[in-house]
Amino acid sequence: MAEMASEWPSYIALFAARILNNVILLPIEAESQDTALRIFSTLNDRGLPLADADIFKSQFYKHFSIEGRKDEFVARWKVLEETANLIFKPTSGTPLDELFTRYMYYRRAKKGIRDTTTKSLRDFYSDSSYEILREDATLDDLESLLDFWKRVDAQEGFSERVARRLFVLNYAPNGMWAYLLSTWFLAKRNTKGELDDKELYDFLCYITGFIYAYSLERPGVNALRGPVYPALIDIVEGRKVDFSAHLFDRETITGRFRSYQFTNQRRFTRSMLVWWAYSDPKQPLMDLDTTLEIEHIYARKRNEVHPLSNRSNLEALGNKAMLEKRVNIRASDYQLTDKRKYYEGYVNDKGVEVSGTAVRELVEIARCGDFTESDIETRTEQIITTFVEWLGKLGLLRE
């Protein structure tokens, strides 16, 4: 339009008249603002959908305008939006929608809501004429919560052991841990936005064990609502998170692990492999932006030439590990003796040093010289046994 106005200024009036003569405007009456927004979202199928955060922004703007602080709000919202865009990569909705979702679980808990039927984001915040968004503390909370997740994303401001737990949870079977942790932060933070290291570490271990085991027994994030929603209320009311009503039977959970098909497509496979890597206290902390892929230690190509006696062992948990994508591209089709230099790192023909993997166990395995079918079976059992024993230490097994 700006280009047209500068090149053909005399045509602008004609252009506007043509639009007015050819566009039909249909007024639609709605009983409420919520109804109007739903109608708009339904009809607006040719453009970008109206994000929930856009609605919330307008409510905030209205509130801060009444207080004579609209310029302050505009500046704060801009920072909030830009930061959220850098941190959150949701599969649906906008990054700001994700922030509001994490905050919603905290506010649900504050209200004592145990109902496992979760309202949509817009329905929750619009309750009582957007009462939550008319509180000055809400924007403060959102900024504080976003700053916390910014530190999680940057792996800054946490002890080494807490950072390791957070890395593992980034590969959790589902995203419920983020709602638990958001609620924990908002309820437990001090005036500087800091958390007690020991309490946080113990909490992260506990929810990791529970979420992983529960997801194995009852796949799907919706199944977790039953035990997690009361736990959120316990957090905000100052009680210890306790899943004692949902303990696991040792033999049953072990049996489920042994019968589970750890295919590459299942998220739980990655969850367990990352957990196993960091069960080694000497495993270095990797950056969260590291791209990890599933590596077959006994390679598929090798199996074509020297097939395993039990075909299922090729896809067994004990034959898999997480490996950086840059290494996996080169190492995937080789025998273990050939993989060693890629795991450890080497100097190429041009004299350039190529770094190896940060996954410590893979380097140790490669140095053993070979990885046989017996090693696969032994490692599978070791991973399962170690995890189940860890559940016992966390108090999550039924004695």
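The values are calculated or read from the model by the stated rules, or taken from the named source; none is laboratory data. Owing to the predicted nature of the structure, the values given are computational and were not obtained by experimental measurement. Virtual Cβ from ideal backbone geometry, glycine too; neighbours counted across all protein chains shown.
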List the helices (runs of 4 or more DSSP H) that sit entirely inside the stretch 87-153 and contain at least 1 residues that are at pLDDT 95 or above and of a type in the set (A, V, I, L, M).
95-110
Taking the stretch 299-328 and keeping residues acidic (Asp, Glu) and either under 26 Å from residue 287 (Cβ atoms) or at pLDDT 95 or above (or both) leaves 315, 324
Only one of these conditions is not met by residue 331: (1) at pLDDT 90 or above; (2) touching a Ser or Thr at 6+ places or on another chain (Cβ under 9 Å). Which number is it?
(1)
Any pair with Cβ under 7 angstrom, 6 or more apart, that starts in the stretch 287-303 at a residue that is in the same structural domain as residue 321 (by TED's automatic domain parsing) and of a type in the set (Val, Ile, Thr) and ends at one that is surrounded by fewer than 21 Cβ atoms within 10 Å (Cβ to Cβ) and assigned to a strand (DSSP E or B)
290/324; 291/324
Residue that is surrounded by the most Cβ atoms within 10 Å (Cβ to Cβ) [pool: residues in the stretch 136-164 that are over 20 Å from residue 61 (Cβ atoms) and of a type in the set (D, E, K, R)]:
164
Looking only at the stretch 286-319, filter to residues that are within 18 Å of the chain's Cα centre (by Cα) and surrounded by 12 or more Cβ atoms within 10 Å (Cβ to Cβ); which one of those is nearest to residue 376 (Cα to Cα)?
293
Could you figure out which of (1) assigned by TED's automatic domain parsing to the domain that holds residue 326; (2) out of contact with any Phe, Trp or Tyr (no Cβ under 9 Å at 6 or more places or on another chain); (3) within 26 Å of residue 395 (Cβ to Cβ); (4) touching a residue at least 60 places away in the same chain (Cβ under 8 Å) isn't true of residue 309?
(3)
Could you list, in sequence order, the residues of the stretch 62-96 that are hydroxyl-bearing (Ser, Thr, Tyr) and surrounded by 15 or more Cβ atoms within 10 Å (Cβ to Cβ)?
83, 94
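Rundown of residues vs (1) touching a helix residue (DSSP H, G or I) at 6+ places or on another chain (Cβ under 7 Å); (2) in contact (Cβ under 8 Å) with a residue 40 or more places away in the chain; (3) of a type in the set (A, V, I, L, M, F, W, C), yes/no style:
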residue: 210; (1), (2), (3): no, yes, yes
residue: 214; (1), (2), (3): yes, no, no
residue: 217; (1), (2), (3): yes, no, no
residue: 224; (1), (2), (3): yes, yes, yes
residue: 230; (1), (2), (3): no, yes, no
residue: 235; (1), (2), (3): yes, yes, yes
residue: 243; (1), (2), (3): yes, yes, yes
residue: 248; (1), (2), (3): yes, yes, yes
When you scan the stretch 242-261, do you find a residue that is outside the structural domain of residue 112 (by TED's automatic domain parsing), within 25 Å of the chain's Cα centre (by Cα) and hydroxyl-bearing (Ser, Thr, Tyr), even just one?
yes
Looking only at the stretch 334-352, count every residue that is of a type in the set (Lys, Arg) and surrounded by fewer than 19 Cβ atoms within 10 Å (Cβ to Cβ) and tell me the total.
2
Checking 361, 353, 324 in turn, the sole residue that is acidic (Asp, Glu) and in contact with a Ser or Thr (Cβ under 7 Å, 6 or more places away or on another chain) turns out to be 324
Quick one: is residue 35 at pLDDT 85 or above and either of a type in the set (Val, Ile, Thr) or within 23 Å of residue 184 (Cα to Cα) (or both)?
no
Of 162, 228, which residue is at pLDDT 95 or above and over 17 Å from residue 102 (Cα atoms)?
162
Does residue 216 fit the bill of being surrounded by 20 or more Cβ atoms within 10 Å (Cβ to Cβ), assigned by TED's automatic domain parsing to the domain that holds residue 232 and assigned to a helix (DSSP H, G or I)?
no
Out of (1) outside any helix (DSSP H, G or I); (2) out of contact with any Asp or Glu (no Cβ under 7 Å at 6 or more places or on another chain); (3) surrounded by fewer than 21 Cβ atoms within 10 Å (Cβ to Cβ), the one residue 241 does not meet is (2)
In the stretch 353-384, residue surrounded by the most Cβ atoms within 10 Å (Cβ to Cβ) [restricted to those that are without any contact (Cβ under 8 Å) to a residue 40 or more places away in the chain and under 31 Å from the mean Cα position of the chain (by Cα)]:
357
When restricted to 350, 320, 339, 325, the only residue basic (Lys, Arg), without any contact (Cβ under 8 Å) to a residue 60 or more places away in the chain, within 24 Å of residue 213 (Cα to Cα) and not assigned by TED's automatic domain parsing to the domain that holds residue 171 is 320
